[in-house]
Structure formats: C-alpha cells, structure tokens
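None of the figures in this text is laboratory data; all of them are computed from the coordinates on show. Quick caveat, the model's predicted, so the values are computed rather than measured. Glycine also receives a Cβ, built like all others from the backbone with ideal geometry; neighbour counts cover every protein chain displayed.
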Amino acid sequence: MIISDFFDFLYPDCCCGCNKHLGRSEKIICTDCFLQLPLTFFEKKHLNPVSNELFARVPIKEACAAFHFVKEGTLRKMLHLLKYCGNKNIGIFLGRQLGKILANSGNYKTVDCIVPVPINEKKRKFRGYNQSEIIAMGICEYLPRPLVCDVLIKPATSESQTKKSRYERYENLLDGFTCCKSTLASLENKHVLLVDDVITTGATVESCVKELLNIRGVSVSVAAVASSVLS
Ligand SMILES: [Zn+2]
C-alpha cells in the first residue's frame, strides 16, 4: 500500500478525458469528465430507442445502453482505448458503470447469466482479449451472475469485410455466429444477458440473439455500454 502510494506520487494517473492528473479517489476519469458522460437512462424504460430497434427484429425481454455514443467526446475516446490500445481497465470501469445501472433498474433481476458478444479468434489473439468480455467482467461486480464465454462463437470471415457493400456486411453478420454444441446445454431455460460494447446498426446483437434463441427455453436481454441508436 505504501509502495503503491509512492508510485502514485511519482507517476500520477491522468484522466483519459482531459489528461488532468487524477485525485486520490479518482480512477480512469476525473469527476468533472465523469459527470459529463451522456447517460441515456434507457434502463429505466422497457420501451426505449435501443429496445424498440431490437423488438422489431428479435423477441427479446429487455434492452438498453448506458450512454449515448456521440461522435466526439470522452466516451468515444475511452471505447477506442479499450478496443485498440489494450486498456482493459477502461473496459472494467465502463462495465461497472453499466452493471450499477442494470442492478438499480430492477428490469434485469431475473437474468441468470451473462454472455459477451464474441469476436473471432484471430482478432482476439491480435488484441489479446475480447472487449465485451472485459465489460461483462465489470458488470458482474454489480450484477453477480456467472459469465459464460464459451457458448457463442464468431468464426473468422474469409473475405475482408471492408471490400463488401454495407448490405453485404449486414447479411454476413446475420450468419456470423454459432453456438458451441458441447456447451449450449448450460444455457437451457436460462435468461441470458447479452453484452456488447457499442450498438450501432444492431446487426451484431440481432445475429447473436437469433443464435441464442435456438437453445431450448432461453430468453435474452441485451445491454451495451453505448448506443448510437436514436429515438
Ligand atoms: Zn477529466
């Protein structure tokens, strides 16, 4: 403790929003930047822009995102640092915020287990982790449920996605996930919380939900750190 205090004094952490040195009680982000993060409050409403978008496509129970995904700003920077710069602590931090929100909302009490949206093995090896899994670990601290990471699988795509049209990419996503046959029995009759980092078109989540709903007796809710789905 004393040694870590000494290192904090020598190398104080900086806020990932404004680069100001963090105070003793601050982690990852300073209080000013934290208070400016754009909360959605979607978790309080069964019908909200994210759930409405998904209800039209798949039969889920609940869906929400903690924050609005805006083009500029601290949250975008945080998600970028998590996804592309190896900053797992940011993922845990954002997961905790989402976990607090879900635990307080009351709409997610019946969730039995948490399943992160998978990434393919090639990406995982390159990045070293799946960002949605890290977020899910943060959620579990406030919504303590088993984390199930070996049921949904994202196979590697053969062709580069960037060469395809937007519609082809969407179609490809819809076929892009499978369930691991040897472990899917563990989800039978469970209420699964599917976790993603950002919901934009909703195609990824839609594809995962469709796959999960093939498991007997499963029901699915969805939670993301951020969403760009507008009302
Ligand atoms: Zn700041």
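What residues have an amide H closer than 5 Å to that of S219, excluding those fewer than 5 places away on the same chain, when H is modeled at 1.01 Å from N in the peptide plane?
Amide H neighbours of S219: K190, H191, V192.
Can you tell me how segment 58-108 classifies by the Cα gyration tensor, rounded, prolate or oblate, using a/c under 1.5 as the rounded cut? Let's see the in-between values first.
Values: a/c = 2.21, a/b = 1.74, b/c = 1.27.
Prolate.
Taking springs between alpha-carbon atoms closer than 10 angstrom, which of C85, C179, C113 fluctuates most in the Gaussian network model of the chain?
C85
Stick to the Cα atoms of the chain, pair each with every other, and give me the Kirkwood hydrodynamic radius in Å at one decimal.
On the way: mean 1/r = 0.0543 Å⁻¹.
With all distinct Cα pairs of the chain included, I get 18.4 Å.
If I build a Gaussian network model for the chain, linking alpha-carbon pairs within less than 10 angstrom, which residue out of I215, I101, I92 has the largest mean-square fluctuation?
Largest GNM mean-square fluctuation: I215.
Let me spell out the model: positive unit charges on the Cβ of Lys and Arg, negative unit charges on the Cβ of Asp and Glu, origin at the Cα centre of the chain. What dipole size does that give, in debye rounded to 20?
On the way: 30 positive and 23 negative charges, 54 e Å.
The calculation lands at about 260 debye.
Add +1 for every Lys or Arg and -1 for every Asp or Glu among the other residues with Cβ under 11 Å from the Cβ of H191, and state the total. Write down the numbers at each step before the final one.
Details: positive: K61, K109, R145, K190; negative: E62, D112.
Taking every other residue near H191 into account, the sum is +2.
If you plug each phi of segment 28-34 into the Karplus form 6.51 cos²θ - 1.76 cosθ + 1.60 with θ = phi - 60°, what whole-Hz ³J(HN,Hα) values come out, in order, with x for Gly and Pro?
6, 9, 6, 4, 4, 5, 4
What are the ³J(HN,Hα) couplings of segment 195-203, residue after residue, when phi is run through the Karplus curve with 6.51, -1.76, 1.60 and θ = phi - 60°? Round to Hz, x for glycine and proline.
10, 10, 6, 9, 9, 10, 7, x, 5
Taking the chain as a Gaussian network, where each spring joins two C-alpha atoms under 10 Å apart, which residue of K181, K88, K154 fluctuates the most?
Ranking K181, K88, K154 by mean-square fluctuation puts K181 first.
What share of the DSSP beta bridges in the chain is antiparallel, in percent to the nearest 5? Mind showing how you got there, number by number?
Details: 4 of 22 bridges.
Counting only bridges with both partners in the chain, antiparallel ones make up about 20 percent.
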